[in-house]
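The values are calculated or read from the model by the stated rules, or taken from the named source; none is laboratory data. Here the structure is a predicted model, which is why all the values come from computation and not from measurement. Neighbour counts are summed over all protein chains in view; Cβ atoms, including those assigned to glycine, are modelled from backbone coordinates with ideal geometry. Protein only, heavy atoms only, side chains kept; ligands, DNA and RNA dropped before computing areas. Shrake-Rupley method; radii C 1.70, N 1.55, O 1.52, S 1.80 Å.
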Amino acid sequence: MHTDINSSATPLRDIACQHRRTGVACITLLYLLLCTASQAAPTPDGALAPLQVYTHPSVAAETLSKSSLRAIFAMRLTLWPDGTRIQVFVLPDKAPLHRQFTKSVLGLFPYQLRKTWDKGIYSGTGEAPIQVSDPAHMLDKIAQTPGAIGYLRQGQHYKGVRRVAAQ
Amino acid sequence: MLQRNKLYSETASMDSRRQNITRPSPSARRSDADWPLCALLMLPALLFWQAPVQAELRWDWGGFISQGWSLSDDNAFYGDSSDAGGSWDYRELGLNGFLEFSPRFKINGQLLARKAGNTSESSPQVDYLFADGVLMQRLNQQAGIRVGRIKNSLGFFNETRDVAFTRPGIIMPQSIYFDQVRELLLSSDGAALYYRHTSPLGALFVDAQHGYLQAGSNSEALLLGGDQPGSFEDSQINIARILFEPDGEQWRVGLSAVNANLPYIPGSPDRISRGEIDIKMTVLSAQYNLEHWSFTAEALRTKTHWVNLNLPIEDRRTLEAYYVQVDHRLNDRWQVMARFDDLTLNNKDPDGKGFSQLTGLPGHLQFANDWTLGVRYQPSMRWDLRAEVHRVDGTAWLSKRDNEDLRALQQHWNLLLLQAAWRF
């Protein structure tokens, strides 16, 4: 777990380690904590932190245009300029964060992305991205997967990922 | 193809899945008859084979299954639908997958078994099977080549016309995508180039394709008036399609152009002489998407030229067709749609009077317009349940194999369709 959001990071990490070994109650607690930590991240005025695009540190791009982001999340652009494969991670179609990202950052509706992915799958011309269950897993996957890209609410202390400016 | 979206748990990490390559992909199960296809699609492997940047063999597979039911007051659609209990002769089973050798080279395939009355046999066919090589990729553009059996890139929906989840209704708008021309529209064995360009103005997609068609008895029935002693040989098709999505992607517009050539080799004896059929198709497509509404329209013009075949018909004919569809998404699960679909087989004889005088057959065989209302329920990503009513005037797109006595066809008829689809 890389959700070192604030000073409570150390106990969080401990819980994360135990949770691999212990029972359901712990998983639930961790899930709630992680969701709260990485999803809410309120700014001083109480509003939710803005959505940002994050990549694995190996990705060289520092800024990505809206049109490139659209092509990436539609799974139409499959390689980074250095030839590594782009691995896209998304939250479920119905997740509020996915909706917000799709609409405000990409300027699309979630159903449009889903149609594009389905068309790719069933004609052999594309794939669907890998779906993760929540923002904590999103952070994990982006940090662990070379070439990965995904989105999260802005957090100051995410480790192992790189924020990319969307233009 | 839900495992591509599988929620990755701690125990089944992506990396461990990806190293598992023991399960066969659908592309491994092709029939012997397709060996030239296989040889063809191995060709680009030589071109794109290189020390992979990421030494990772990736693969995945999935599929879908659907079952439909049709009931009509008159005429038979997808089986004996006018029978008291309706017809269950509409089902599809697809298995697809890919094998990625390097980020630039991949093989994709799908096996499809489809039963649709007497027009489609239910034995499994290789729906597509091709190698895909990336020729050039930058952040704003990408180009590549595909070699093998490729779905024909025509209009918005042709490539996925047999997949319930991607169809705009239980059946495709029959004016443009009608089943009798499946053989000509479905796929071709050859090569295709694709190019995608994104800019602040929008996204541009260009596809160019050349290949051999599988023109058989359905094409003979459609173009020569029935199964003939001879056959079409080495039928070829060229397709070009341009799609443009202006910035914002609320709009999508497209233009597809098709040129098909079907040389006819007579049998003996044969009343038809050696000749060929030239077909030129143009499809205009447009779609406007809002959060809860989508508006889709496509129009087709097909010019058919019968050359030297010595048939007792006009040797040139122009078909005109269009449909307009409105989809309304009530929420994540429920969707309703309305469609008007219109087909005229011969624009110089729209009501079929001339045809009727010439052949003695009903004039309504020459046109069809279809009002459709439909409802769609998607309780989860895996399930898709739909119901549709059609009110049809004309019989142009009805299968002549399901309705052998053409004189018994009724001009005005109604159709109820139900369909359940599941994917994995």
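Please go through region B:252-302 and pick out each residue that is in a strand (DSSP E or B), within 14 Å of another protein chain (Cβ to nearest Cβ) and in contact with a Phe, Trp or Tyr (Cβ under 6 Å, 6 or more places away or on another chain). Scanning region B:252-302 gives B:SER285, B:TYR288, B:PHE295. Of all the residues in region B:152-170, those that are open to solvent by 10 Å² or more (accessible area, probe 1.4 Å) and either within 22 Å of B:HIS197 (Cβ to Cβ) or away from chain A (no Cβ under 12 Å) (or both) number 1.
Being out of contact with any strand residue (DSSP E or B) (no Cβ under 7 Å at 6 or more places or on another chain), more than 30 Å from B:PRO312 (Cα to Cα) and either away from chain A (no Cβ under 14 Å) or buried (at least 20 other Cβ atoms within 10 Å of the Cβ) (or both) is a property that B:ARG146 lacks. Selection within region B:263-273: residues that are within 12 Å of B:LEU311 (Cα to Cα) and without any contact (Cβ under 8 Å) to a residue 40 or more places away in the chain. The member of this set that is least open to solvent (accessible area, probe 1.4 Å) is B:SER273.
Here A:ASP82 fulfils each of the conditions (1) within 7 Å of chain B (Cβ to nearest Cβ); (2) without any contact (Cβ under 8 Å) to a residue 24 or more places away in the chain apart from (1). For region B:184-216, the candidate set comprises residues that are outside any strand (DSSP E or B) and surrounded by fewer than 21 Cβ atoms within 10 Å (Cβ to Cβ); within that set, the residue that is farthest from the chain's Cα centre (by Cα) is B:PRO200. Does region B:322-345 include one or more residues that are touching a His at 6+ places or on another chain (Cβ under 8 Å) and in contact (Cβ under 8 Å) with a residue 60 or more places away in the chain? Yes, there is a match, as at least one residue in region B:322-345 is touching a His at 6+ places or on another chain (Cβ under 8 Å) and in contact (Cβ under 8 Å) with a residue 60 or more places away in the chain. Of all positions in region B:274-281, at least one carries a residue that is open to solvent by less than 40 Å² (accessible area, probe 1.4 Å) and in contact (Cβ under 8 Å) with a residue 60 or more places away in the chain.
B:ARG91 meets all of the listed conditions (1) farther than 30 Å from B:ARG333 by Cα; (2) more than 13 Å from the chain's Cα centre (by Cα) but one, namely (1). Scanning region B:334-343 for residues being open to solvent by 20 Å² or more (accessible area, probe 1.4 Å) and within 17 Å of B:PHE367 (Cα to Cα) gives a total of 2. The C-beta contact set for region B:56-81 (first residue touching a residue at least 40 places away in the same chain (Cβ under 8 Å) and crowded, with 21+ Cβ neighbours inside 10 Å, second residue of a type in the set (A, V, I, L, M) and in a strand (DSSP E or B), distance under 6 angstrom, 6+ apart or interchain) comprises B:SER66/B:ALA421; B:TRP69/B:LEU418; B:SER70/B:LEU417; B:SER72/B:LEU415; B:PHE77/B:LEU415; B:TYR78/B:ALA116; B:SER81/B:LEU71.
Criterion first (of a type outside the set (Ser, Thr, Tyr) and open to solvent by 40 Å² or more (accessible area, probe 1.4 Å)) does B:ALA260 satisfy it? Here the answer is no, as B:ALA260 does not meet what is asked. Scanning region B:372-385 turns up at least one residue that is crowded, with 16+ Cβ neighbours inside 10 Å, without any contact (Cβ under 8 Å) to a residue 40 or more places away in the chain and not in a loop (DSSP other than H, G, I, E, B). The condition of being farther than 15 Å from B:GLU159 by Cα and either aliphatic (A, V, I, L, M) or in contact with a His (Cβ under 9 Å, 6 or more places away or on another chain) (or both) holds for only one of B:ALA208, B:ALA203, that being B:ALA203. For region B:82-98, residues that are hydrophobic (A, V, I, L, M, F, W, C) and open to solvent by less than 50 Å² (accessible area, probe 1.4 Å) total 2. Note on region A:110-123: residues that are open to solvent by 30 Å² or more (accessible area, probe 1.4 Å) and within 9 Å of another protein chain (Cβ to nearest Cβ) total 3. Note on region A:87-109: residues that are more than 9 Å from every other protein chain (Cβ to nearest Cβ) and either among the charged types (D, E, K, R) or open to solvent by 10 Å² or more (accessible area, probe 1.4 Å) (or both) total 6.
I want to confirm something. Restricting to region B:327-359 and keeping residues that are in a strand (DSSP E or B) and either among the polar types (S, T, N, Q) or more than 26 Å from the chain's Cα centre (by Cα) (or both), which single residue is nearest to B:THR395 (Cα to Cα)? In this case the residue turns out to be B:THR344.
Might you let me know whether region A:124-143 holds any residue that is at the interface with chain B (Cβ under 10 Å from one of its Cβ atoms), closer than 20 Å to A:LEU51 by Cα, out of contact with any Asp or Glu (no Cβ under 9 Å at 6 or more places or on another chain) and open to solvent by 30 Å² or more (accessible area, probe 1.4 Å)?
Initial filter on region A:124-143 (at the interface with chain B (Cβ under 10 Å from one of its Cβ atoms)): A:124-134, A:137, A:140-141.
In the following step, the residues that additionally are closer than 20 Å to A:LEU51 by Cα were identified as A:129-134, A:137, A:140-141.
Next, from what is left, pick out any that are out of contact with any Asp or Glu (no Cβ under 9 Å at 6 or more places or on another chain): A:129-130, A:133-134, A:137, A:140-141.
Keeping just the survivors that are open to solvent by 30 Å² or more (accessible area, probe 1.4 Å) gives A:133, A:137.
Checked against the condition, which is being at the interface with chain B (Cβ under 10 Å from one of its Cβ atoms), closer than 20 Å to A:LEU51 by Cα, out of contact with any Asp or Glu (no Cβ under 9 Å at 6 or more places or on another chain) and open to solvent by 30 Å² or more (accessible area, probe 1.4 Å), region A:124-143 yields at least one hit.
Looking across region A:137-167, the residues that are in contact with a Phe, Trp or Tyr (Cβ under 8 Å, 6 or more places away or on another chain) and over 27 Å from B:TRP61 (Cα atoms) come down to A:LEU152, A:TYR158, A:VAL161, A:ARG162, A:ARG163, A:VAL164.
Screening A:LEU152 with (1) more than 23 Å from B:GLU56 (Cα to Cα); (2) open to solvent by less than 10 Å² (accessible area, probe 1.4 Å); (3) within 11 Å of another protein chain (Cβ to nearest Cβ); (4) in contact with a strand residue (DSSP E or B) (Cβ under 7 Å, 6 or more places away or on another chain) gives one miss only, at (3). Summed over region B:320-369, residues that are among the basic types (Lys, Arg) and more than 30 Å from A:ALA95 (Cβ to Cβ) total 3. For B:ASN108, the test of being touching a helix residue (DSSP H, G or I) at 6+ places or on another chain (Cβ under 9 Å), polar (S, T, N, Q), surrounded by 21 or more Cβ atoms within 10 Å (Cβ to Cβ) and within 13 Å of chain A (Cβ to nearest Cβ) is passed. What's the number of the condition A:PHE73 fails, among (1) closer than 29 Å to B:PHE205 by Cα; (2) over 13 Å from the mean Cα position of the chain (by Cα)? If we test A:PHE73 against (1) closer than 29 Å to B:PHE205 by Cα; (2) over 13 Å from the mean Cα position of the chain (by Cα), just (2) comes out false.
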